[in-house]
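Notes for the one structure printed next.
The values are calculated or read from the model by the stated rules, or taken from the named source; none is laboratory data. Worth saying up front: this structure is predicted, and the values here are computed from it rather than measured. Don't worry about glycine lacking a Cβ; one is built from the backbone with ideal geometry, like all the others, and counts go over all protein chains shown. Areas reflect the complete protein model, heavy atoms only, side chains present, ligands, DNA and RNA absent. Shrake-Rupley method; radii C 1.70, N 1.55, O 1.52, S 1.80 Å.
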Amino acid sequence: MSVAEASQSPANGACGSPMSLPWAERLIAIDTVSRNSNLGLIETVRDYLRGVGIESILTYHESGNWANLFATIPAHDGSTNGGVVLSGHTDVVPVDGQDWHSDPFRPVVRDGKLYGRGSCDMKGFIGAALALVPAMQRAKLAKPIHFAFSYDEEVTCLGAPVMLEDLARRGIRPDGCIIGEPTSMRPIVAHKGINAYRCCVRGHAAHSSLTPRGLNSIEYASRLICFIRDMADKYRAQGPFEEFYDVPFTTAQTSTINGGIAMNTVPAECEFQFEFRNLPTMDPKPIFESINKYAMETLLPQMRKEHPSGSIEFSLISDAPGFDASEDAAITKLVRALTGDSERRKVAYGTEAGQFQQAGIPSVVCGPGDIEQAHRANEFVSLQQLAECERFMSRVIESMTVGAAG
């Protein structure tokens, strides 16, 4: 079955497969690990949309190796403003060192599940959106439906802002956005912010028999790491706390560390990465400022007493904002009505919803698959979830047709 034919088949039809399956398989087969270009996928989608009369806006990373895609199916009167965005990121996490039972970039269906890197996070959702393009074009839409497919969400979250800034310059103002991260098709109305940093502590090398002549970068990095852990312990014990989260407080951790060249050498350099995930009600700036203050006002003077060359440098890796949807927003009410789910769910993982919200586009997170499957070996999304996503998107289309109730 061709992609075009599959796009016109009824959801979960006689063959028992969701109509989005061919698209999902096609997208999974394109290796878009974040360190690699995503242009193969973006250009595939652009060419398909162009073939059915829809032009896309591509916004590129400064290197030209990655791009976002934004496309609009206009309302029946030609209007392109307002409407709903269906948003997904095109990059996936690496498979290095994972024990896959099949080629992660050769999708396979087994026991009612589609396996492959990105099947759950989040090419299943993008595939469902593309599969419903013909239905969107046939409908007499009162407002437009938009696609927003971004690059580099998994590492830095720097792709979506490039697209959002371009939309603002063009005067494109959607009414709301559905972020299709895996939520088992249940609405998520809030998540924490993610703030990731790299820290380089520089000391002075010396023979380990002459430690007073050196400056041990690892030891001072360790003191800073312990400060970050103490800060995390304080948030865990004292809050602030916010209900509905599985981890209802701000967290922090050190994730990687590298330093030293030999056992008998005072290490001249130590680099580590750390992150903190703040409740959306907390401003992340004071959190980093407390870490920076301890480094610069307490540790650095101690280091330079031992050797004047000591230094500590921080560099920002990513700072995706937290997200907290309004229950009064039209998009929140729409997604709740179409899923029949009124439960308030908040999650610790991050999405691009906070970036859309900051850009003035109210958002909700809702997509096929279980977040427990994301990033792991043998990632999958069930065909049942894909079919449920298609039914949900069909209801979105129906809700936006001329004469629809509400």
Practice task
Report, in degrees rounded to the nearest 10, the 0 to 90 angle that the Cα long axis of helix 383-399 makes with the longest principal axis of the chain.
Solution key: 60
Fill in the blank from the handout: Result for the chain: accessible area per residue, probe 1.4 angstrom, in square angstrom, of 44
Completion exercise
Nearest-0.05 FRET efficiency for Phe244 and Asp31 at R0 = 35 Å, using Cβ-Cβ distance, is 0.45
Exercise for the section: Report, in degrees rounded to the nearest 10, the 0 to 90 angle that the Cα long axis of helix 217-238 makes with the longest principal axis of the chain. Expected result: 60
Completion exercise
The alpha-carbon center of the range 355-369 and that of the range 90-113 are separated, in whole Å, by 27
Fill in the blank from the handout: For the range 51-184, the dipole about the Cα centre with charges only on Cβ (Lys and Arg +1, Asp and Glu -1), to the nearest 20 debye, works out at 660
Practice task
Calculate the dipole size of the range 217-333 relative to its Cα centre from +1 charges on Lys and Arg beta carbons and -1 charges on Asp and Glu beta carbons; express the result in debye to the nearest 20.
Solution key: 400
Problem - Mean separation of Cα contacts under 8 Å, 6 or more apart, over the residue count of the chain: relative contact order % - result: 24
Handout entry: Extension gain, Arg391 back to Gln98 (0.36 nm per residue minus Cα-Cα distance, nm)
Key = 102.1 nm
Handout entry: Unsatisfied cross-links (Cα-Cα over 19 Å) in the set Lys234/Lys293; Lys113/Lys192; Lys192/Lys346; Lys285/Lys346
Key = Lys113/Lys192; Lys285/Lys346
Handout entry: Longest segment of the chain lacking GluC sites (Glu not before Pro) that sit in a DSSP loop with at most 13 other Cβ atoms within 10 Å
Key = 63-242
Handout entry: Volume per residue of the C-alpha convex hull in the range 149-245, rounded to whole Å³
Key = 204
Handout entry: Correct option for Cα extents along the principal axes in Å [calculated from the coordinates] among [x] 70, 47, 46; [y] 79, 44, 39; [z] 71, 56, 45
Key = [y]
Exercise for the section: Quick one: dipole size for the chain, taken about the Cα centre, charges +1 on Lys/Arg Cβ and -1 on Asp/Glu Cβ, in debye to the nearest 20. Expected result: 240
Completion exercise
Yeah, the range 54-133 with a ≥ b ≥ c from its alpha-carbon gyration tensor (a/c under 1.5 is rounded, else prolate when a/b outruns b/c, oblate otherwise) is oblate
Handout entry: Charge-dipole axis of the range 51-141 as Lys and Arg at +1 and Asp and Glu at -1 on Cβ define it, positive-most pick from Ser102, Met122, Ala75
Key = Ala75
Handout entry: Mean separation of Cα contacts under 8 Å (6+ apart) over length of the range 216-290, as relative contact order %
Key = 32
Exercise for the section: Keeping the other protein chains in place, figure out the carbon and sulfur percent of the accessible area of the chain, with a 1.4 Å probe. Expected result: 49
Exercise for the section: Enumerate by residue number the chymotrypsin sites (Phe, Trp or Tyr not before Pro) in the range 232-322 meeting two conditions: DSSP loop (anything except H, G, I, E, B), and at most 16 other Cβ atoms within 10 Å of the site's Cβ. Expected result: Phe241, Phe244
Exercise for the section: Can you tell me the 0 to 90 degree angle between the C-alpha axis of helix 159-170 and the longest principal axis of the chain, rounded to 10? Expected result: 60
Problem - Extreme residue, positive dipole direction of the chain, given options Cys200, Asn292, Gly88 (C-beta unit charges) - result: Asn292
Practice task
Quickly estimate the mean residue ellipticity at 222 nm for the chain, helices only: each DSSP H run with n ≥ 4 gives -39500 (n - 2.57), and the total goes over all residues, rounded to 500.
Solution key: -9000 deg cm²/dmol
